[in-house]
Amino acid sequence: MPKVEIIGPAPSTYTRAARMVCEEKAIPYELKQSPPHSPDVSAIHPFGRVPVMRHGDFELCESKAIATYLDLAFSGPKLIPTEPRQAALTEQWVSLVNTKMDGTLVRTYLLNYIFPKGRDGKPDRKVIDSVVPAMQEEIGLLDRAVDKGGYLAGDSFTFADINLMPILAYLKNMPEAGAAIAASKSLSAYYDRLATRPSFQKTIPQRPGTKAS
Ligand SMILES: N[C@@H](CCC(=O)N[C@@H](CS)C(=O)NCC(=O)O)C(=O)O
C-alpha cells in the first residue's frame, strides 16, 4: 500500500489533527510541510487550505474528510464511532468547533497574538478585548461538555477530541485564554489527560531551527 502523505505546515491545528489520526491508528505517513495556497496544496484544495492528503492516486482535502477516510480505510482504533448517538455527537462537536469556535478562538483571538496586526507590531488590544467575552463563553461551554463523560462525545476518545486538542494547546499559552482554561477544572483535567497521548506528543510542532525527532 502506498504511504499516506499529509500536506500542510506542522503548526496548523487542522494539519496536526490529521497527523494525530495517523498516529492513533499507527498509519505510516509522511508530512510534507507546504504552506496554504502553495501549488501542492492548491492542486488539491479549491481554496488552498491545509491540510490536504494524498494516498496513492487518491487526493483529498478538508481535515474531517481526511479523518473519515483514514478511519475507514485503515485498521486500528475507531476514531469516528459507528454507534448512532456517539457518531452524531462526534460530528456535532467537530462542527461546533470548526464552524463557530475556530472563528472566535483561533482566527480572531489567537492569530491576533501570533501574527499581530496592531500598531508597532503589537497585538490589537481592541480586537482582543472585544473577543474575550465570547472566548470565555466558549471555554465554559467546552468545560461543561467534557465534565460528564471526560470526552466531547460521551465517554470515549474520538476525532472530536483530536480536532479540539491542537487548539487548546495554543490557547493554554495565551494570557486571557490560559486563565480561562486554568479556571475551568474539567477542561484543564481533560487537556492534561489527553496531552499525554503519544499521538499528541509526537505531533508537537517544532520551533523553527530545532530538529524534529
Ligand atoms: N475546513 C478546513 C479548514 C482548514 C484551514 O482553515 N486551515 C488553515 C490553516 S490552520 C488555512 O489553510 N488557512 C489559510 C487560508 O484560510 O487561506 C479543514 O478542516 O481542513
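Pairs linking a residue in segment 52-77 that is farther than 21 Å from Phe157 by Cα and open to solvent by less than 40 Å² (accessible area, probe 1.4 Å) to a residue that is part of a helix (DSSP H, G or I) and within 11 Å of the ligand (Cβ to nearest atom), with Cβ atoms under 7 Å and 6 or more positions apart or on different chains, are Val52/Val41; Met53/Ala18; Met53/Ile66; Leu60/Ile66. Scanning segment 109-117 turns up one or more residues that are closer than 30 Å to Gln136 by Cβ and more than 16 Å from the ligand (Cβ to nearest atom). All told, Ile27 meets the bar of being touching a Leu at 6+ places or on another chain (Cβ under 9 Å) and away from the ligand (no atom under 13 Å from the Cβ). Regarding segment 157-164, can at least one residue be identified that is without any contact (Cβ under 8 Å) to a residue 24 or more places away in the chain, part of a helix (DSSP H, G or I) and either closer than 30 Å to Glu5 by Cβ or of a type outside the set (S, T, N, Q) (or both)? No, the conditions are met nowhere in segment 157-164. Please tell me if Ile66 is closer than 17 Å to Ala160 by Cβ and within 13 Å of the ligand (Cβ to nearest atom). Yes; evaluated as a whole, the condition is true for this residue. Selection of segment 1-51 for residues being open to solvent by less than 20 Å² (accessible area, probe 1.4 Å), free of Cβ contacts under 8 Å to residues at least 60 places away in the same chain and basic (Lys, Arg) yields only Lys25. Within segment 33-52, being touching a helix residue (DSSP H, G or I) at 6+ places or on another chain (Cβ under 7 Å) and more than 10 Å from the ligand (Cβ to nearest atom) holds for one residue alone: Ser34.
Within segment 158-180, being buried (at least 20 other Cβ atoms within 10 Å of the Cβ) and farther than 16 Å from Pro11 by Cα holds for Thr158, Phe159, Ala160, Asp161, Ala177, Ala180.
Is there a residue in segment 170-184 that is in contact with an Asp or Glu (Cβ under 7 Å, 6 or more places away or on another chain) and more than 21 Å from Ala67 (Cβ to Cβ)? Break it down stepwise before answering.
Taking segment 170-184 as the starting set, the residues that turn out to be in contact with an Asp or Glu (Cβ under 7 Å, 6 or more places away or on another chain) are 184.
Retained after the next criterion (residues that are more than 21 Å from Ala67 (Cβ to Cβ)): 184.
Scanning segment 170-184 turns up at least one residue that is in contact with an Asp or Glu (Cβ under 7 Å, 6 or more places away or on another chain) and more than 21 Å from Ala67 (Cβ to Cβ).
Does at least one position in segment 69-83 carry a residue that is basic (Lys, Arg) and within 14 Å of the ligand (Cβ to nearest atom)? Checking segment 69-83: not a single residue is basic (Lys, Arg) and within 14 Å of the ligand (Cβ to nearest atom).
Each residue in segment 78-125 was checked for being part of a loop (DSSP other than H, G, I, E, B), open to solvent by less than 100 Å² (accessible area, probe 1.4 Å) and at pLDDT 95 or above, and 5 of them qualify.
Do we find that Ala134 is more than 27 Å from Glu83 (Cα to Cα), modelled with pLDDT of 95 or more and surrounded by 11 or more Cβ atoms within 10 Å (Cβ to Cβ) in this structure? So Ala134 passes the test. Whenever a residue of segment 80-100 is within 12 Å of Lys64 (Cα to Cα), its partners that are charged (D, E, K, R) and assigned to a helix (DSSP H, G or I), lying with C-beta atoms within less than 7 angstrom and at least six residues away or across chains, give the pairs Ile80/Asp71; Val94/Lys64.
The values are calculated or read from the model by the stated rules, or taken from the named source; none is laboratory data. Remember, it's a predicted structure, so these values are computed and weren't measured experimentally. Neighbour counts run over all protein chains shown; Cβ positions are idealised from the backbone, glycine included. Note: accessible area is taken over every heavy atom of the protein model, side chains too, but ligands, DNA and RNA are not part of it. Shrake-Rupley method; radii C 1.70, N 1.55, O 1.52, S 1.80 Å.
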